[in-house]
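Have a look at the structure below before the remarks.
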Ligand code: GLU
């Protein structure tokens with residue numbers, strides 16, 4: 001299992017690198033998914049390379065490029081959800097992966113977004129993500145309350161993690177100032193910083209398993225800490241996109257038990273500038289070869305053709321609706 005996973009990451013990274021080089025050579029600027037001479041170029045904004053968004057962008061592009069040779073889909077590593085939504089709003093990206101809580105805030109025009117996003121659409125929801133707190137075992141952190149006075153990474157600017165962490169601290173009456181250090185490292189930098197003792201813990205909103213936590217757990221004694229307090233129950237009651245989740249045991253060295261947390265879905269979003277044809281082709285490429293898609297990352301293991309339309313915050317893209325209507 002471990003080896004399959006490593007090989008999978010390498011393959012997806014190679015696909016992504018290959019695609020990225022296509023982009024430099026052939027895609028000088030964004031095309032809104034519209035056709036140039038013979039090819040339609042689309043790019044997907046993802047997250048840090050050790051997370052799950054990045055290989056997910058690679059998996060989606062793989063399906064689309066295979067099914068529709070006239071489309072060239074490429075992936076970009078980015079700061080993640082908030083960055084991706086802003087890039088879509090500014091028409092600088094065709095597609096982006098984002099947490100559904102971030103999509104919801106964009107739709108409502110809530111912080112960090114200045115106004116209601118009317119031009120954002122959903123293509124699909126992908127897999128569940130959990131707010132995950134990873135701590136060094138020797139830090140003494142066993143619960144959320146133990147974070148007081150500790151060095152904790154709260155998420156890089158532009159990440160959805162940062163937003164969800166702020167929501168958690170507000171809901172659970174702990175000030176971010178109570179931390180001795182509020183780290184803003186990028187996701188890919190967190191494992192080394194934890195290993196080197198520059199951090200006692202880090203938050204990461206992510207699907208499981210992720211290479212990021214596998215990596216740190218092999219060289220450092222770390223624990224995934226439960227996030228299961230009454231203030232979280234209240235938060236879930238108040239904000240409809242949050243649900244209780246489990247970080248499954250057995251995925252990371254030294255973490256054999258299921259751990260309770262909360263989360264939502266990772267969603268694939270597009271601006272409404274993306275043509276109906278392209279949106280149709282993307283959902284068709286994934287759903288018509290769905291069993292194959294599911295093999296591309298272990299975080300997709302429990303997906304169904306219905307679950308990929310659950311937990312969306314933003315309206316479906318008309319091209320996806322056209323596909324669904326045709327199936328009736
Ligand atoms: N959910 C994270 C964020 O938006 C990114 C997770 C990932 O890259 O897999 O901050």
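The values are calculated or read from the model by the stated rules, or taken from the named source; none is laboratory data. Owing to the predicted nature of the structure, the values given are computational and were not obtained by experimental measurement. For neighbour counting, all protein chains shown are included, and Cβ atoms are generated from backbone atoms with ideal geometry for every residue, glycine included.
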Do we find a residue being buried (at least 16 other Cβ atoms within 10 Å of the Cβ), on the phi > 0 side of the Ramachandran plot and in contact with a helix residue (DSSP H, G or I) (Cβ under 9 Å, 6 or more places away or on another chain) anywhere in region 303-323?
-> yes
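When you check residue 145 against the structure, is it away from the ligand (no atom under 12 Å from the Cβ), at pLDDT 95 or above and either part of a helix (DSSP H, G or I) or closer than 23 Å to residue 211 by Cα (or both), yes or no?
Working: away from the ligand (no atom under 12 Å from the Cβ): yes; at pLDDT 95 or above: yes; either part of a helix (DSSP H, G or I) or closer than 23 Å to residue 211 by Cα (or both): yes.
Yes, satisfied.
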Would you mention how many residues in region 180-194 are in contact with a strand residue (DSSP E or B) (Cβ under 6 Å, 6 or more places away or on another chain), under 19 Å from residue 78 (Cβ atoms) and surrounded by fewer than 20 Cβ atoms within 10 Å (Cβ to Cβ)?
-> 1
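In region 305-328, how many are free of Cβ contacts under 8 Å to residues at least 60 places away in the same chain and closer than 19 Å to residue 269 by Cα?
Step one: filter region 305-328 for residues free of Cβ contacts under 8 Å to residues at least 60 places away in the same chain, giving 305-306, 319, 321-328.
Cutting the leftovers down to closer than 19 Å to residue 269 by Cα gives us 305-306, 319, 321-324.
Final tally of qualifying residues: 7.
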Report whether or not residue 131 is touching a strand residue (DSSP E or B) at 6+ places or on another chain (Cβ under 8 Å) and either more than 12 Å from the ligand (Cβ to nearest atom) or without any contact (Cβ under 8 Å) to a residue 40 or more places away in the chain (or both).
-> no
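Could you check, for region 214-228, whether at least one of its residues is touching a residue at least 12 places away in the same chain (Cβ under 8 Å), under 23 Å from residue 119 (Cβ atoms), under 18 Å from the mean Cα position of the chain (by Cα) and within 16 Å of the ligand (Cβ to nearest atom)? So that I can check it myself, show each step before the final result.
Residues of region 214-228 that are touching a residue at least 12 places away in the same chain (Cβ under 8 Å), as a first pass: 214-228.
Retained after the next criterion (residues that are under 23 Å from residue 119 (Cβ atoms)): none.
No, region 214-228 has no match at all.
Looking only at residues in region 148-166 that are within 13 Å of the ligand (Cβ to nearest atom) and surrounded by fewer than 19 Cβ atoms within 10 Å (Cβ to Cβ), which one is farthest from residue 130 (Cα to Cα)?
Here the answer is 157.
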Test residue 293 against the criterion of being touching a helix residue (DSSP H, G or I) at 6+ places or on another chain (Cβ under 6 Å), modelled with pLDDT of 95 or more and more than 30 Å from residue 38 (Cα to Cα), and give yes or no.
-> no
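Could you list, in sequence order, all residues of region 94-109 that are assigned to a loop (DSSP other than H, G, I, E, B) and either surrounded by 24 or more Cβ atoms within 10 Å (Cβ to Cβ) or within 12 Å of the ligand (Cβ to nearest atom) (or both)? Before you say what the answer is, go through the steps one by one.
We begin by selecting, within region 94-109, every residue assigned to a loop (DSSP other than H, G, I, E, B); these are 94, 109.
Listed by number, the list holds a single entry, 94.
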Hey, residue 173 hits all of (1) in contact with a helix residue (DSSP H, G or I) (Cβ under 8 Å, 6 or more places away or on another chain); (2) modelled with pLDDT of 95 or more; (3) assigned to a loop (DSSP other than H, G, I, E, B) but one; which does it fall short on?
-> (2)
Kindly provide the set of residues from region 54-93 that are in a loop (DSSP other than H, G, I, E, B) and touching a residue at least 24 places away in the same chain (Cβ under 8 Å), ordered by number.
-> 68, 70, 77, 78, 79, 80, 91, 92, 93
Restricting to region 48-79, what's the tally of residues that are under 22 Å from residue 128 (Cβ atoms), within 13 Å of the ligand (Cβ to nearest atom) and touching a strand residue (DSSP E or B) at 6+ places or on another chain (Cβ under 8 Å)?
-> 9
Would you confirm whether any residue within region 25-37 is more than 16 Å from the ligand (Cβ to nearest atom), modelled with pLDDT of 95 or more and over 30 Å from residue 164 (Cα atoms)?
-> no
Among (1) within 11 Å of the ligand (Cβ to nearest atom); (2) over 19 Å from residue 299 (Cβ atoms), residue 112 falls short only on (1)
